[in-house]
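Asker: Just dropping this structure here.
Just so you know, all these numbers are worked out from the coordinates, no wet-lab data involved. Being a predicted model, the structure only gives us computed values, none of them experimental. Methodologically, a virtual Cβ is constructed for each residue, glycine included, from the backbone with ideal geometry; neighbour enumeration extends over all protein chains shown.
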Amino acid sequence: MANETPQSARRAELAAFLRAQRTRLRPVDVGLPEDCDPGRRRTPGLRREEVAQISDISVTWYTWLEQGRKISASEQVIEALARALLLDPDQHRHIRSLAGLSTAVGETRTDDVLPRLQRLVNAVAPNIASIYDMHFDYVVWNTSYQRFRNDPALLPADRRNLLWMMFNDAGNRARMVRWEPAARAVLSQFRSAAGQRPDDPRFAAIVAQLTEASPEFRRWWAEYPVRDFRPATIGVDHPEVGRLNLEMFQFHPVEHPDMLMVLQVPRTMDDLQRVTSLLGAQDRRR
């Protein structure tokens, strides 16, 4: 309709979603007794009264939600409806989005996805690639990353983290042409992520370790920098091939949005040739 607003469109979509989820369920699915005479049920699925009953909300309020009325549903109501309608994680995120609530990303079980993610970073070689979890802990990296940036496998398991490498790896710091802006950029992204999970013990441990170990981290953390990723090109002085200019990209796998893939692409053909020549030479020496 011409006078439809974004809010009314969202309410209409929420109403349609609720109706669709209600009609796909039977009473027995949600612990209610089956009808003695199923033929008397005029519509498929649950009745509105049944959804209201198992959600512990009023029938009137639920009916208004299904009608797209100009009302707002609290988080408590939406969570009750998600449980009552047996929504899976994707549907749960969707109903929260339709209700205008935050849709926090769940944490991927890293062990379940390692082989797939390792194949991904291997496939983009000779570009330099690594993937991190929500705490910026290393998950996988390719040979190019290991040879041109650093080898995360050499770090202790509890410090196998991008922030720890950026602030406490002297070799990485010496190789970076402009270390400070790069370190500040990573810190700003980390600060934003940590702020969304203030009670997360892993974030707290990383901050405590780096506050003690790095004066720069301690000083910049107190400034409370928050900034999302910005496209950038970094310079790295490699001891065997000289200066490399690497263009930075970031991606989140759709099926694992809490994972972060960082791709460092040689900016020019000369940069690319230096990377491929060294990788080829090292492979021949093996």
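Asker: Take every Cα pair under 8 Å in the chain that's 6+ residues apart, average their separations, divide by the length, and report that relative contact order as a whole percent.
Answerer: Computed value for the chain: 14 percent relative contact order.
Asker: What translational D, rounded to a whole number of µm²/s, comes out for the chain from Stokes-Einstein when the hydrodynamic radius is the Kirkwood one over Cα pairs, at 10 °C and 1.306 mPa s?
Answerer: My calculation gives 70 µm²/s for D.
Asker: Along the charge dipole of region 110-285, which of 114, 268, 231 sits closest to the positive end, that is, farthest toward it, with unit charges on the beta carbon of Lys, Arg, Asp and Glu (+1, +1, -1, -1)?
Answerer: 268
Asker: Assign unit charges at the C-beta atoms only (+1 for Lys and Arg, -1 for Asp and Glu), then state the dipole size of region 6-98 relative to its Cα centre in Debye, rounded to the nearest 20.
Answerer: Result for region 6-98 is approximately 420 debye, rounded to the nearest 20.
Asker: Report, as a whole number in µm² per second, the diffusion coefficient that Stokes-Einstein gives for region 206-263 at 10 °C and 1.306 mPa s using the Kirkwood radius over alpha carbon pairs.
Answerer: So the translational diffusion coefficient is about 109 µm²/s.
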